[in-house]
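First comes the structure, then the notes that go with it.
The values are calculated or read from the model by the stated rules, or taken from the named source; none is laboratory data. Small disclaimer: the values here were computed from a predicted structure and weren't measured. Every residue, glycine as well, gets a Cβ built from its backbone with ideal geometry; the counts of neighbours run over all protein chains shown.
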Amino acid sequence: MSEKTTISRASAVSGVAAALISRAFYGLMVEGPALDNGAWLSILVGLALALPTLWLFRRGVGRSARLLLAAALFVDAMKALEGAAFSESCIAFNHIPSAVLALPLLAAAARCLVLGGDAVGASARIWMRLFIPALGLIVALQWSYYRPLWLTPVLGHGPGGILRGGVRCGLWMAMLGGAGMALCREQVRFERVVRTLAVAALVTAILILLRLMMAPACLSGDMGRALRLDALLTNGRAPLLLQLPMIVIWFVGLTHLLCFEIWCAVALVRKRS
C-alpha cells in the first residue's frame, strides 16, 4: 500500500487522540446549541455508543464504507475550518472576512496532503507533549479562579441533553477512530483503539470540567457562539498573561483537527485495498 494513503500505528494513535480532543471540546463547548453542565458525561456516552461500530471496523472497511467515511470526515473538516476562521475573526481580526482567514488553514491542510499522514501524526505527538505541560501550567496559575459550585446542576439540561451530546460524540469517535483503523498499515488491536479513545475522552472531560468552573454554563440556551467563545478564551476572570497560551492551544488544536480530517478523507478515497 502507498505511504501516502496509510499511516503508522504510532502516528494514527497520536493523530486520532489529538483530533478527538479538539473535536469534542469544540463541538460541546462552542459549536453546540447551548452550554451544558452535563457535557462531560456526553463524552462517556459517546464512547459507549462508538465502540460497537468500531468493533465492526476491526476486520477491515469496504470501499463503500471508506467513501462514506471520507465524505463524513470532509464535511466535518469544513466545520473545523469554519470554526477556526470564526474564532480568528471574533478574537482579533473582525475586520477581515472569514474566507480570507481560512486561506492559511487550507494551505496548511494542503501541505499535509503532500507530506503524508505520518507527518501529521508526528506533529500530533509533539503537540501532545507540549499541550499537557502547558495546560498544567495554566491550571496552576488560575486555580484560585475556578468555582466548583458552577458545575451544578450536574445533569445540566437533563438526560436528554446529555444523550444528544453523546450521540454527536459517538459519531466523532466512530469517524476518527474508524479512519485511523482503516488507514493504519500495521495491525491495530481493538483494545488499543479503545484505550486511545478512552484516554482522549478522559482528557476532554477534564477540559470541559475546567471550562465549566471558569465561566458558568448558560442554562437558558440563549448564549450565542461568539459569547461562548469569548467566555472560553477571554473570559475576564483569568489573568491577561494566560489568555495568549489559551488562544494558542485553541488554534493549534483546531488546525490539527482540520489537517488530520482532510488527510484522512483524501487517503480513504485514494486507498485501493
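Observations
- ALA80 fulfils the conditions (1) buried (at least 22 other Cβ atoms within 10 Å of the Cβ); (2) farther than 14 Å from CYS169 by Cα; (3) in contact with a His (Cβ under 9 Å, 6 or more places away or on another chain) except for a single criterion, (3).
- The residues listed here are GLY160, GLY156, GLY170; of these, the one that is of a type in the set (Gly, Ala, Ser), in a helix (DSSP H, G or I) and either within 22 Å of the chain's Cα centre (by Cα) or surrounded by 17 or more Cβ atoms within 10 Å (Cβ to Cβ) (or both) is GLY170.
- Filter pass, ARG147 being more than 25 Å from ARG63 (Cβ to Cβ), within 23 Å of the chain's Cα centre (by Cα) and surrounded by fewer than 17 Cβ atoms within 10 Å (Cβ to Cβ): no
- Filter result for SER87 (over 21 Å from VAL248 (Cα atoms), at pLDDT 80 or above and of a type in the set (S, T, N, Q)): no
Here's the yes/no breakdown for (1) out of contact with any Leu (no Cβ under 7 Å at 6 or more places or on another chain); (2) of a type in the set (S, T, N, Q); (3) under 23 Å from GLY180 (Cβ atoms); (4) touching a residue at least 24 places away in the same chain (Cβ under 8 Å):
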{"residue": "PHE74", "(1), (2), (3), (4)": "yes, no, yes, yes"}
{"residue": "ALA80", "(1), (2), (3), (4)": "no, no, yes, yes"}
{"residue": "ILE96", "(1), (2), (3), (4)": "yes, no, no, no"}
{"residue": "ALA99", "(1), (2), (3), (4)": "yes, no, no, no"}
{"residue": "ALA102", "(1), (2), (3), (4)": "no, no, no, no"}
{"residue": "LEU113", "(1), (2), (3), (4)": "yes, no, yes, yes"}
{"residue": "TRP127", "(1), (2), (3), (4)": "yes, no, yes, yes"}
{"residue": "GLN142", "(1), (2), (3), (4)": "no, yes, no, yes"}
{"residue": "GLY158", "(1), (2), (3), (4)": "yes, no, no, yes"}
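- Among the numbered conditions (1) in contact with a helix residue (DSSP H, G or I) (Cβ under 6 Å, 6 or more places away or on another chain); (2) under 24 Å from ALA39 (Cα atoms); (3) among the aromatic types (Phe, Trp, Tyr), the only one that PHE74 does not meet is (2).
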